[in-house]
Amino acid sequence: MYAYLIEHPDGLILVDTGVGEGNELIDALYRPERRDLSEAIARTGHRLEDVAIVVNSHLHFDHCGNNRLFGGVPILVQRVEYEAAHEPYYTDPSWVDFPGAFITQLEGDHRIATGVRLLSTPGHTPGHQSVLVDDDQGSILLAAQAAYTVRDFAASEIGERNMATEDKATWQASLRRLHGMQPHITYFSHDAMEWRPPHP
Ligand SMILES: [Zn+2]
């Protein structure tokens with residue numbers, strides 16, 4: 001699972017926080033190998049303490065597990081996602097509603113800083129969101145789990161791993177929407193490869 005750090009002049013923006021610790025069921029089922037988030041951020045030359053905003057693409061356990069390291073920091077989530085996270089077996093709720101959590105619930109698209117926009121991309125979950133970052137070449141897209149793989153994204157397909165989803169039309173619409181943003185590079189939560197548009 002990949003988290004992304006945006007170096008913005010107004011402060012660091014962290015997109016997703018990885019798998020948390022202390023949930024026996026998750027450890028037994030998934031056997032996660034964790035990377036220390038603080039060390040990962042340090043390798044970029046920054047400090048975890050300097051993260052100004054946390055964005056959760058969605059609240060599954062592998063995306064919000066280290067939110068607890070960010071007490072008092074605004075955590076931006078879609079409102080419908082926050083509501084879904086309180087359904088049984090959706091996530092570890094203690095990784096969402098920890099003491100000091102400063103959750104900001106959003107409805108739909110939201111500009112969070114100059115050149116940084118959250119895009120509502122439901123499908124994988126009811127309140128999934130992606131992040132579009134402007135740079136000097138156009139836009140960089142952090143699709144997160146709007147697609148599992150580059151292949152799924154390139155084909156605008158939901159992909160085999162998500163055939164169980166009930167809301168294929170919504171998912172498909174989100175993928176089309178992301179392509180419409182014409183990013184010059186796109187990154188994912190669960191694929192190390194990035195997507196670039198084919199050259200004409
Ligand atoms: Zn997920």
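The values are calculated or read from the model by the stated rules, or taken from the named source; none is laboratory data. Bear in mind that the values here come from a model prediction, so they are computed numbers and not experimental data. Heads up, the Cβs are rebuilt from the backbone with ideal geometry, glycines too, and the neighbour counts pull from every protein chain shown.
Any idea which of Gly138, Gly100, Gly123 is within 13 Å of the ligand (Cβ to nearest atom), in contact (Cβ under 8 Å) with a residue 24 or more places away in the chain and either in contact with a Pro (Cβ under 6 Å, 6 or more places away or on another chain) or not aliphatic (A, V, I, L, M) (or both)? Outline the logic, then answer.
Numbers: Gly138 fails: within 13 Å of the ligand (Cβ to nearest atom); Gly100 fails: within 13 Å of the ligand (Cβ to nearest atom).
Exactly one residue qualifies, and that residue is Gly123.
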Quickly run through the range 93-143 and pick out the residues that are more than 15 Å from the chain's Cα centre (by Cα), of a type in the set (Gly, Ala, Ser), more than 15 Å from Glu7 (Cα to Cα) and part of a loop (DSSP other than H, G, I, E, B).
-> Gly100, Ala101
Meets criteria (away from the ligand (no atom under 15 Å from the Cβ) and either within 20 Å of Thr17 (Cβ to Cβ) or not in a loop (DSSP other than H, G, I, E, B) (or both)) for Tyr148 = no
Tell me which of these Glu7 doesn't satisfy, since it passes every other one: (1) more than 16 Å from the ligand (Cβ to nearest atom); (2) under 29 Å from Leu178 (Cα atoms); (3) surrounded by 14 or more Cβ atoms within 10 Å (Cβ to Cβ); (4) of a type outside the set (Gly, Ala, Ser).
-> (3)
Could you tell me which residue of the range 169-200 is nearest to Phe61 (Cα to Cα), considering only residues that are within 16 Å of the ligand (Cβ to nearest atom) and small (Gly, Ala, Ser)?
-> Ser189
Conditions (1) in contact with a Cys (Cβ under 9 Å, 6 or more places away or on another chain); (2) under 15 Å from Ile53 (Cα atoms); (3) not aromatic (Phe, Trp, Tyr): number failed by Thr91 | (2)
Within the range 70-81, track down each residue that is crowded, with 18+ Cβ neighbours inside 10 Å, away from the ligand (no atom under 15 Å from the Cβ) and not in a loop (DSSP other than H, G, I, E, B).
-> Ile75, Leu76
Restrict the check to the range 152-170 and report whether at least one residue is touching a Phe, Trp or Tyr at 6+ places or on another chain (Cβ under 9 Å), aliphatic (A, V, I, L, M) and at pLDDT below 95.
-> yes
Cross-chain or 6+ apart pairs with Cβ under 6 Å, the range 21-44 first and under 14 Å from His60 (Cα atoms), then among the charged types (D, E, K, R) | Asn23/Asp92
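From Asp16, Asp36, Asp50, Asp92, grab the single residue that is surrounded by 14 or more Cβ atoms within 10 Å (Cβ to Cβ), at negative phi and acidic (Asp, Glu). Write out each step before concluding.
Values: Asp16 fails: at negative phi; Asp36 fails: surrounded by 14 or more Cβ atoms within 10 Å (Cβ to Cβ); Asp50 fails: surrounded by 14 or more Cβ atoms within 10 Å (Cβ to Cβ).
Criteria check complete, one pass: Asp92.
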